[in-house]
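Quick notes on the structure that follows.
The values are calculated or read from the model by the stated rules, or taken from the named source; none is laboratory data. Nothing here was measured: the structure is a model prediction, and the numbers come from that model. Quick reminder, even Gly has a Cβ in these numbers, built from the backbone with ideal geometry, and neighbours come from all protein chains shown. Just so you know, the surface numbers come from the protein's heavy atoms only, side chains and all, with ligands and any DNA or RNA stripped out. Shrake-Rupley method; radii C 1.70, N 1.55, O 1.52, S 1.80 Å.
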Amino acid sequence: MSLMWSVKVVGLGVVAFSLSLELLGWLFGRLRHKRTLNKVLFFPSEVACVEHLFSPNSARACICPLPHGVETSFSRLLCHILSATSSLDLCVFSFSNMDLSRAVLLLHKKAVTIRVLSDKDYSAITGSQIGILRKAGICVRCDGDSAYMHHKFAVVDGRLLITGSLNWTLTAVQSNLENILITEEAELVQPFIKEFHRLWVLNDPARFYKNLISDDEH
């Protein structure tokens, strides 16, 4: 009887050990899957076709003369921007890159909520995409302060921060030594969300007109 009992105890122990290993393996897999994204991109970026990012389901192959099937810093940046499913808050000093503009416009067509903050002076220069975004119905506000609004960052879905020295211009992408940091670290993302909200409220046109009316009354 005692021998049978011992065998049962050993058997149960083996089963418990096996289940524990499976549980640990599952937990490890979950933790690895949820690993926080941290990535650095450097520019200038190699010039390559990015058409597949805008039309991933197209049956027709692109016939442009640029290299195809090449992953670059710019294509990675576009992928992270296009990953937005609910919101994109963009705060950028200079915005004239047409592919980045296409990405924002595509998200807008997919009903992603987009807010854009830009510098008042640079939003009016030749080639700026700010007017095109505004014409498409995207909510754009320009900083009216005497100092340059020199930020260059975007927050995707309130969880992913894209920031660095890179202006959203063709020259910056293809010719300049620039950097981009992409992170999901909440303690880094949250201050940028807070800063965007502060600037968004500060540059509300309604505040400007309210102050203007108040000055006229006095």
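Tabulated values for the structure
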{"read-out": "GluC sites (Glu not before Pro) within region 29-91: DSSP coil, no more than 15 neighbouring Cβ in 10 Å", "value": "Glu46, Glu71"}
{"read-out": "Sorted peptide list for 164-177, 126-139, criterion being average Cβ within 10 angstrom, highest first", "value": "164-177, 126-139"}
{"read-out": "Virtual spin-label span in nm between Arg35 and Asp204, 7 Å along Cα→Cβ", "value": "4.3"}
{"read-out": "Per residue accessible area of region 86-218, 1.4 Å probe, in Å²", "value": "54"}
{"read-out": "Accessible area in the full protein assembly, largest first, 1.4 Å probe, for Arg35, Arg141", "value": "Arg35, Arg141"}
{"read-out": "Over region 134-175, relative contact order from alpha-carbon pairs under 8 Å, at least 6 apart, %", "value": "21"}
{"read-out": "Protection proxy ranking, peptides 95-105, 187-197, average beta carbon neighbours within 10 Å, highest first", "value": "95-105, 187-197"}
{"read-out": "Contour excess over end-to-end distance, with Cα ends at Thr85 and Leu177 and 0.36 nm allotted per residue", "value": "30.1 nm"}
{"read-out": "Region 75-169: projected area of the alpha-carbon convex hull, averaged over directions, in nm²", "value": "5.6"}
